[in-house]
Amino acid sequence: MARELGASTGDRAGAHALPPVGFGVIGARSFVATHAVIPAILASPRAALVAVASRGGPVPDGLSAYDVGSYGAVIEDPAVEVVYVPLPNGLHRHWAERAVEAGKHVLCEKPLAPAAADAEAMLRAAARAGVRLAEAWPTPFGGRWRRALATASSGGLGELRHVRAEFTFPLAGRADGYRRDPGQGGGALLDVGTYCLGTIAALWDAEPAELTASARRGPTGVDLTTSAWAGWGDGRTASALLSFELPERQLLELAGTDGRLRIDDRAFTAGAGATALELVRPDGSVEALATPEDDPYERMVSAFASAVRGVEPWPRQAAEVVALSRLLDRVAASSR
């Protein structure tokens with residue numbers, strides 16, 4: 001059953017009475033950092049950007065005032081309460097554990113780690129340190145995604161029978177070589193699997209009774225395309241397609257006995273302005289479902305800041321993160 005992740009992140013009395021949470025960013029040249037999360041930190045009334053650092057070159061224009069020179073300096077900065085980690089997957093555990101050992105909360109890009117065992121170790125380290133460690137998956141904070149899952153979970157599609165999720169884009173010619181590096185947790189499954197498999201798990205669970213997967217691998221050994229099929233033994237099935245080779249597409253389709261809901265426009269990464277989705281009934285009639293305009297990245301940052309301040313609980317529990325990580329492990333093992 002889907003939960004309304006992030007649905008309670010609106011302004012509350014008292015939330016703004018507390019000082020904003022200081023965020024530090026390591027890997028400040030990362031695409032997701034510069035194009036999504038850093039703007040969200042700057043936009044959130046509950047967060048403040050206080051320090052950044054980059055190893056791959058100078059920090060982007062506009063961030064030089066926040067540049068403290070090194071990852072270690074970000075972590076050691078007394079004004080930094082949360083360290084945001086957008087580094088390649090293979091570096092997540094090292095830097096997240098360094099931050100939590102320094103007493104910092106951590107918001108770490110998805111997947112939390114390339115393997116479930118690493119994710120569990122990271123969460124244990126955070127628990128020992130008495131700080132929060134959360135996976136930065138913004139999709140559940142988007143109103144359109146939440147409306148789609150809530151419609152299916154509440155019976156708006158009748159009995160939900162199949163979930164189809166696809167996230168594909170061509171990697172050829174792109175400079176982000178870490179995606180091709182097995183030592184850095186590269187491959188399509190780890191890069192975009194959370195979006196598709198996480199959505200399926202949010203609707204049902206991350207422990208299907210049956211699972212099969214196949215992959216086409218590139219010269220470095222990482223999967224360039226992975227397809228997976230899962231069944232829960234009671235007629236519910238799901239499919240996922242993840243690729244660095246196929247034309248760009250993000251698709252979410254929920255098929256039930258009383259209708260089919262489909263999002264074929266940036267289903268998992270759309271920002272503010274993505275509000276429309278359509279429900280097709282068995283008789284062919286189409287119902288437009290409107291959703292409020294919001295920015296899932298800003299909502300995610302604000303929700304984490306609120307959790308750090310104790311204003312609101314973080315909506316995604318550690319057990320859910322581990323369960324999804326184990327499902328990613330299962331898909332990887334099956335595809336081999």
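Tabulated values for the structure
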{"quantity": "Calculated [θ] (222 nm, deg cm²/dmol) that DSSP helices of n ≥ 4 give over the chain, each run adding -39,500 (n - 2.57)", "calculated": "-9000 deg cm²/dmol"}
{"quantity": "Net charge contributed by nearby residues that have their C-beta within less than 10 Å of R249 (K/R +1, D/E -1)", "calculated": "-3"}
{"quantity": "Relative exposure of W204, W232, W137, judged by other C-beta atoms within 10 Å (fewest first)", "calculated": "W232, W204, W137"}
{"quantity": "Within-11-Å neighbourhood charge of T194 [Cβ basis; K, R +1; D, E -1]", "calculated": "-2"}
{"quantity": "Efficiency of FRET between W229 and E293 - r from beta-carbon atoms, R0 30 angstrom, step 0.05", "calculated": "0.30"}
{"quantity": "Order of R144, R29, R174 - criterion: other Cβ atoms within 10 Å of each residue's Cβ, fewest first", "calculated": "R174, R29, R144"}
{"quantity": "Of A116, S302, L254, farthest towards positive along the dipole that unit charges on Lys, Arg, Asp, Glu beta carbons give the chain", "calculated": "A116"}
{"quantity": "Ranked list, fewest to most other Cβ atoms within 10 Å of each Cβ, for T257, T275, T194", "calculated": "T257, T275, T194"}
{"quantity": "Between 0 and 90°, nearest 10: helix 296-309 axis offset from the chain longest Cα axis", "calculated": "60 degrees"}
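All of the numbers you see were taken from the coordinates with simple rules; none came from a lab. All values reported here derive from a predicted model rather than from experimental measurement. For neighbour counting, all protein chains shown are included, and Cβ atoms are generated from backbone atoms with ideal geometry for every residue, glycine included.
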